[in-house]
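This structure is in structure tokens; I'll ask about it shortly.
The numbers here are math on the coordinates, done by the rules we state, and not lab data. Quick caveat, the model's predicted, so the values are computed rather than measured. For neighbour counting, all protein chains shown are included, and Cβ atoms are generated from backbone atoms with ideal geometry for every residue, glycine included.
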């Protein structure tokens, strides 16, 4: 039998962290060696012999957590937000001094969402038209969603590189807002509906045909396969990786 | 065998009119007795013995056409736009003097579209949230579509009558247009995509569930079952009828 | 202020029952006066002054529970299965002797699902083609779902009454099962997919158009608005009612 | 200005051929130099100076057409069916003697359809469950569609290579056909509905999430962007190419 990887979860009492604890415990090839909450000391990571640290904490503590891990030769998988250019720069310097250690920082661990955005961007240069509809529960405060903005940016860059012009639009009479918002030339529409969780459609249209990529997140459980993929792969990807895309085999 | 109904089509050279000519000819219970173009005399309707006149012409001539029909005791099924309150008032006066004659003026003959709007309005009072997405080809000049506006108005009226408050929406940070336009308190989103024809979704959401009504018009042929239903029924509905709803058996 | 209705929940420790307890407690116009588990005595319903009893127990005990309620002049809302013709017959006899008391027995309390089935059946007679796709989690043991079978039966009856023939189908070469199963002349397709809960689409097709009714149950919470509607209405509907349809205002 | 490519269309009177004639004429970088019907001589291709031959004829004549083109140093883009292993073998021999000449034979020129199948296969190994729903007009004689079978085979091969087991399915009680047909371990469901053209959904499901790829062909026009991509690219792809995939930039 292959040896189990020793994994620690930071933020284990949060909603995402609690899911991660369950997911690691349920995986035959992984062993949960530590599950730390807000006031637990990072020193216990060393005592527990953690090889991989999963950080699902808060912006205030994530940098210190990751630096501690890297300084002790542990790889890190990070789902916490708050990593601006300054923090990233400092982390890259630290990693340069620890050449065998890997850190993955990903804004989105839902595999289906990452795949949908990557494929939609790639396909978008073959179609005249592209628009995005994102649908979320009505307690969300921002519109459009961060994922929709990133997807639109990916699409816009791919189309620009291929020299594809903006999609056609003959609208001359519009009620304010009907045509959505404009993110780098891509129209994005935000639906807010009780009962929903997090959903996104990318619609591509050409003469006589439509291609649609739809992703539905029904549950936080949807992030766990991505977290586990990160845990299993981070040790083979030294240095800093941003986003799950490079961990996926998407070559066609 | 039942006697065939004698039907005349006005605007027979237009795109809708040409479809209507084909549809009447293909119907075993109907007989096409006249198919008139722009310069043909209305007198030929009398000579041909038309019982039902289908008007698919232009706003400039539809009133004269319908008045001629009614004055000669023919029923009329009208898909032409341009019937404002003044014209409708004059027509009702005329019909009052012709008690057995019926006129149907409908903005939309696609049965599926009429049914979807009626059902969605009826259902909307049982859900916290409601939004509309309409999707059309990119040569359309207005956003949102007339059908979406009418659907939103029906929904808004039904919810108001039942005392249902506006849907929840916690958005505090919005890129201009992301949340669509507001039609009587209902958010409407307009997508424009090459390859599409005319499509609409009404999304209703409550705790843990979503109910969606979607209608797709792929082709002008979709209007013909509604036109034929009008032709077969108008003789039994004296007076003026607006919209196909009253011709449908929707009682549940 | 209107007086609160005194409600008791039976099966309060089950998954549905626990949801019902929460829903009743959260409703301003209702007051939870008893929440009984498997071994609790029904006598406490009397002591607690329950006016409405919600039965979410098991087939073995539901009949005795409902009879006890009716005999003590309490109305009952029942989501438990196992009510065959014999049990229903006995219950109707009992209700005949208690003319002011109402009982609602419903196989499905998701309002959206009930509405979708009712509307789809009503609309189906205006379309040549109709098929059903139901999609569920892969732990479900029966295919198709009971809701899909009931929807197909409603549709089949509505089309038969209107004299609509079976949908066209030119298939001459079929891999076994490709065209789904046949429920009273309606094709039904069952998808089983990890991540799903309970979903159903009714697809209606005519020349150049499609009308789709889709219902998504993401969560057991979706049954609670229907349960509460039952609780609030059952006192005004003496006798036995089967299915939530008669409690809904669907007249168009 | 770049010189225009000289293009000939064979089968120019058929439905696909007529669309291709229009598409070539409308493209600024292409010049239609010949449009041949059933009884026209292939010699006119030489006289017209064709560089690329588009074959949209019938199985009986496609092999002779393509061999004539290759023997005269013209590249060929072929949408006609009927190319079995024997014909393909003979063509490869011929091409070996014409090292600069390219032939593309593709069963499907709808870019969106080709992209959807390729992406769905690639993504399928990250999900527990996968099923396919294909939807067509009711005059289609085979179920499932050839495209659905090919998509299922691609998916099955990709999952097998990655060691992904068959999707979970707890069904123990099934009405015959409810769970669709089995193509290499992937369940495929075939819907037949008046009004539809050609549509396909690949549904992937994992814990708490779903990823859906949907392609809609509304019109034969949807094949033309793929035909034009073939015409523009075939000269740079010597030898025999099967399927449009290798002409697309899908690397991620």
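Give the distance, in whole Å, between the Cα centre of segment C:130-148 and the Cα centre of segment A:133-158.
32 Å
So, one more: Just grab the label-to-label distance for residue A:88 and residue D:153, each label 7 Å out from Cα along the Cβ direction, in nm (one decimal).
4.4 nm
I'd like the orientation of helix D:146-161 relative to chain D: the angle between its Cα long axis and the longest Cα principal axis, in ° from 0 to 90, rounded to 10.
Taking Cα atoms only, the helix is inclined about 60 degrees.
I've got another one for you. Can you give the FRET efficiency to the nearest 0.05 for residue A:139 and residue B:184, using r as the Cβ-Cβ distance and R₀ = 35 Å?
Rounded to the nearest 0.05, the efficiency is 0.90.
To one decimal place, what Kirkwood hydrodynamic radius in Å is obtained for segment D:111-218 from all pairs of distinct Cα atoms? It would help to have the intermediate numbers written out before the result.
Values: mean 1/r = 0.0703 Å⁻¹.
For segment D:111-218, the Kirkwood estimate is 14.2 Å.
Can you name the chain C residue with its Cβ nearest the rotation axis from C to A, and give the distance in Å as a whole number?
Per the Cβ-to-axis criterion, the result reads C:218, 3.
If I take R0 = 22 Å and measure r between the Cβ atoms of residue D:96 and residue D:162 in this structure, what FRET efficiency does the formula 1/(1 + (r/R0)^6) give, to the nearest 0.05?
0.05
Within chain B, what percent of beta bridges assigned by DSSP are antiparallel, to the nearest 5?
Expressed as a percentage, antiparallel bridges in chain B total about 45.
Using a 10 Å cut-off around each Cβ, can you sort B:16, D:175, B:224 from fewest to most neighbouring Cβ atoms?
Sorted ascending by nearby Cβ count, the order is D:175, B:16, B:224.
Right, here's the next one. Once the mean 1/r over all distinct Cα pairs of segment D:30-79 is inverted, what Kirkwood radius in angstroms do you read off? Walk me through the intermediate numbers first.
Working: mean 1/r = 0.0913 Å⁻¹.
About 11.0 Å for segment D:30-79.
Right, next: Would you mind ranking A:93, D:209 by Cβ crowding within 10 Å, fewest neighbours first?
Numbers: A:93 9, D:209 29.
The order, fewest Cβ neighbours first, is A:93, D:209.
Please state the shape class of chain A: rounded when a/c is under 1.5, otherwise prolate if a/b exceeds b/c and oblate if not, all from the C-alpha gyration tensor.
Prolate, since a/c reaches 1.5 and a/b exceeds b/c.
Is it possible to state the helix-based mean residue ellipticity at 222 nm for the protein assembly as shown, with each DSSP H run of 4+ residues giving -39500 (n - 2.57), the sum divided by total residues, to the nearest 500 deg cm²/dmol? What is it?
Dividing the helical sum by the residues of the protein assembly as shown leaves -10000 deg cm²/dmol.
Roughly how many Å is it from the Cα centre of segment B:37-112 to that of segment B:177-252, as a whole number?
23 Å
Measuring label to label, 7 Å along Cα→Cβ, what does residue B:89 give against each other copy in nm, shortest first?
6.6, 7.3, 8.5
Relative to the longest principal Cα axis of chain D, at what angle does helix D:59-71 sit, 0 to 90 degrees, rounded to 10?
Taking the Cα atoms of chain D, the angle to D:59-71 is about 50 degrees.
By the gyration tensor of its Cα atoms, with a ≥ b ≥ c the square roots of the eigenvalues, what is the shape of segment B:67-117: rounded for a/c under 1.5, prolate for a/b over b/c, or oblate?
prolate
Fewest first, what order do A:201, D:92 take by the number of other Cβ atoms within 10 Å?
Ascending Cβ contact count within 10 Å gives the list D:92, A:201.
In nm, what does the list of distances from residue D:22 to its counterparts in the other copies look like, shortest first, when each label sits 7 Å along Cα to Cβ?
So the label point of residue D:22 gives 1.4, 5.5, 5.6 nm to the other copies.
In nm to one decimal, list the spacings between the residue B:58 label point and its equivalents in the other copies, with label points set 7 Å along Cα to Cβ, shortest first.
Once sorted, the set of distances for residue B:58 reads 4.5, 6.9, 7.6 nm.
Could I ask something else about it? Please report the antiparallel percentage of the DSSP beta bridges confined to the protein assembly as shown, to the nearest 5.
Beta bridges within the protein assembly as shown, antiparallel portion: roughly 45 percent.
If the elastic network links every pair of Cα atoms under 10 Å, which of A:107, A:99, A:144 fluctuates the most in the Gaussian network model of chain A?
Comparing A:107, A:99, A:144 in a Gaussian network model of chain A, the most mobile one is A:99.
Counting only DSSP beta bridges with both residues in segment A:129-252, what percent are antiparallel, rounded to the nearest 5? Please report the intermediate quantities before stating the final value.
Numbers: 20 of 26 bridges.
The answer is about 75 percent antiparallel.
Give the shape of segment C:90-143 as rounded, prolate or oblate, defined through the alpha-carbon gyration tensor: a ≥ b ≥ c are the square roots of its eigenvalues, a/c under 1.5 means rounded, and otherwise the shape is prolate if a/b is larger than b/c and oblate if not.
Oblate.
On C-alpha positions alone, give me the angle between the axis of helix B:111-124 and the longest principal axis of chain B, in degrees, nearest 10.
Once rounded, the angle reads 40 degrees.
Still on this structure, please answer the following. Using only the C-alpha atoms of the protein assembly as shown, find the volume of their convex hull and express it per residue in Å³.
In the protein assembly as shown, the Cα convex hull volume per residue is 229 Å³.
Bin all alpha-carbon pair distances of segment B:19-109 at 5 Å intervals from 0 and give each bin's fraction as a whole percent.
Percent of pairs per bin, in order: 3, 13, 25, 26, 20, 10, 3, 0.
Debye calculation, C-alpha points only, no solvent: report log10 I(q)/I(0) for segment C:157-236 at q = 0.13, 0.25 Å⁻¹, in the same order as the q values.
Each listed q maps to, in turn, -0.70, -1.27.
Could you work out how far apart the two model spin labels at residue C:237 and residue B:39 are, taking each label as a point 7 Å from the Cα in the direction of the beta carbon, and quote it in nm?
For residue C:237 paired with residue B:39, the spin-label model returns 6.5 nm.
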